[in-house]
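Notes to accompany the following structure.
We did not get these values from a lab; they are worked out from the coordinates using the rules stated. In this text, all values refer to a predicted model and were calculated from it rather than measured experimentally. In this analysis, Cβ positions are derived from the backbone assuming ideal geometry, glycine residues included, and neighbour counts consider all displayed protein chains.
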């Protein structure tokens with residue numbers, strides 16, 4: 001049911017913040033008004049904001065730098081994405097009395113030491129079930145958030161205490177899709193105020209950067225948000241959220257399970273091509289069928305493939321609509337230098353440099369926001385959470401010291417495909433405009449494209465260093481018989497990564513067919 005009150009005061013308030021009318025429409029629709037009611041109220045258009053100075057290296061667009069309040073705030077206002085838990089990212093403090101629990105030596109749960117990645121990299125569909133079984137058998141206390149069945153269960157001492165429905169989660173395929181993995185409760189707040197969405201989130205449990213479990217959010221005037229999707233948080237009814245809050249402690253494990261890869265009966269006939277890569281893997285993303293491989297379990301330097309994990313950390317810990325300052329130490333060697341020390345650049349715009357031009361400057365600038373050491377720690381924690389059992393990071397850009405296996409990189413590609421596909425959209429160049437508007441940087445070169453490939457790139461990342469030689473990890477749509485299949489191709493230690501990937505894609509396209517097909 002649409003809201004009936006006059007939206008004009010809300011429209012004028014949002015205009016004063018600098019929000020464009022097109023964004024205001026999107027926001028107010030999510031807040032419960034009908035679009036037909038809003039359009040007449042939006043004429044005449046709001047006043048034009050003065051231009052904001054841009055970095056010298058970026059070109060102006062019509063609204064590129066009006067990022068004080070943008071579409072991320074608009075969508076997340078209704079979606080109630082958890083505010084950043086660190087004070088460095090809080091733009092202002094609302095008049096809310098906080099009651100926050102933070103980790104201490106006493107705030108720990110008993111149970112097994114969680115060992116991430118104990119299963120083979122291609123057995124990922126069983127991973128979350130095994131973690132849950134292990135916790136129950138050891139009589140541990142934990143939260144099991146199943147975002148496929150939309151149920152959240154709290155176990156105390158291995159015994160089920162409460163099961164409640166999940167009312168909303170991040171929209172699948174969106175920028176705010178709730179991330180799957182194994183996490184811990186970082187803090188508790190009886191009433192968390194989201195500076196992203198300007199909403200109160202009752203009975204909040206922070207389990208991963210910007211992501212919370214909480215009750216139904218409300219605006220400052222007490223009006224409940226109306227969106228059926230959250231901003232990445234796990235939304236419960238307020239009554240259920242309090243029950244969960246009362247049963248949990250800081251440090252308690254949280255298993256977030258989303259859509260597992262569904263197996264099917266599609267099988268392949270194998271013929272392997274020769275390539276220069278020291279190790280490679282070609283596999284079906286949806287059912288895990290390995291089409292060809294060599295040294296797939298052997299760890300090797302991965303170069304800038306690391307930036308895929310850096311992008312995961314950025315989207316989970318940094319507000320993409322905020323500006324970040326380029327530090328002097330961020331001006332490291334990179335193939336196309338663009339940044340200048342002391343300038344401010346919107347985080348969303350930096351993602352395009354990170355993922356398309358493979359900018360080491362962008363990677364170091366992102367890492368400086370939380371501190372380089374902490375950023376690398378987040379990368380390694382993320383690797384454990386998504387079952388990258390033979391992967392280690394020591395550099396946010398992959399310049400040196402980052403190692404993985406083709407099997408682990410397959411798991412990473414599958415995770416991004418299922419949980420963070422918009423990252424693939426940037427790497428492939430398919431996202432030129434989004435909820436955040438067009439990117440500020442112009443003439444950005446995309447090094448990820450495989451020229452003359454018999455397949456469409458869904459997303460992936462190229463890399464090259466003296467240590468790693470040439471590397472590549474990507475997902476492609478490939479015709480196998482009459483069917484389109486999503487195929488991952490990973491090559492490490494290659495003399496010609498582009499040529500190797502092209503050969504492997506041609507091999508799948510030309511030589512494979514469904515097992516029941518006639519040739």
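In region 462-488, whose amide N lies under 12 Å from the spot 7 Å out along Cα-to-Cβ of residue 335? List them in ranges.
The answer is 462-465, 470-472.
Rounded to whole Å and sorted largest first, what semi-axes of the equivalent ellipsoid does the C-alpha gyration tensor of region 424-469 yield via the square root of 5 times each eigenvalue?
So the equivalent ellipsoid measures 23, 15, 9 Å along its semi-axes.
For the ranges 158-171, 186-199, 475-488, what's the packing order if you count other beta-carbon atoms within 10 Å of each residue, average per peptide, and put the highest first?
So the order, starting with the most tightly packed, is 186-199, 475-488, 158-171.
What FRET efficiency do you get for residue 496 and residue 149 if R0 is 41 Å and r is their Cβ-Cβ distance, rounded to the nearest 0.05?
For R0 = 41 Å, the calculated efficiency reads 0.35.
Could you sort the peptides 440-451, 200-211 by per-residue average Cβ neighbour count (10 Å cutoff), highest mean leading?
200-211, 440-451
Using all Cα-Cα distances in region 330-400, what percent lands in each 5 angstrom bin from 0 up to the longest?
Whole-percent P(r) values from 0 Å outward: 3, 17, 25, 24, 18, 9, 4, 1.
Can you list, largest first and rounded to whole Å, the semi-axes you get for region 279-511 by taking the square root of 5 times each eigenvalue of its Cα gyration tensor?
28, 19, 16
Under 18 Å from a point placed 7 Å out from the Cα of residue 456 along the Cα-to-Cβ direction: which residues of region 419-446 have their backbone N that close?
Answer for this model: 421-433.
Is region 393-519 best put as rounded, prolate or oblate by its Cα gyration tensor, with a ≥ b ≥ c the root eigenvalues, rounded for a/c under 1.5, and otherwise prolate when a/b is larger than b/c, oblate when not?
Here region 393-519 falls in the oblate category.
Going by how many other beta carbons lie within 10 Å of each one, how would you line up 133, 338, fewest first?
With the fewest neighbours first, 133, 338 line up as 133, 338.
Quickly work out the residue 190-to-residue 161 label distance, labels modelled 7 Å from Cα along the C-beta direction, and quote it in nm with one decimal.
1.8
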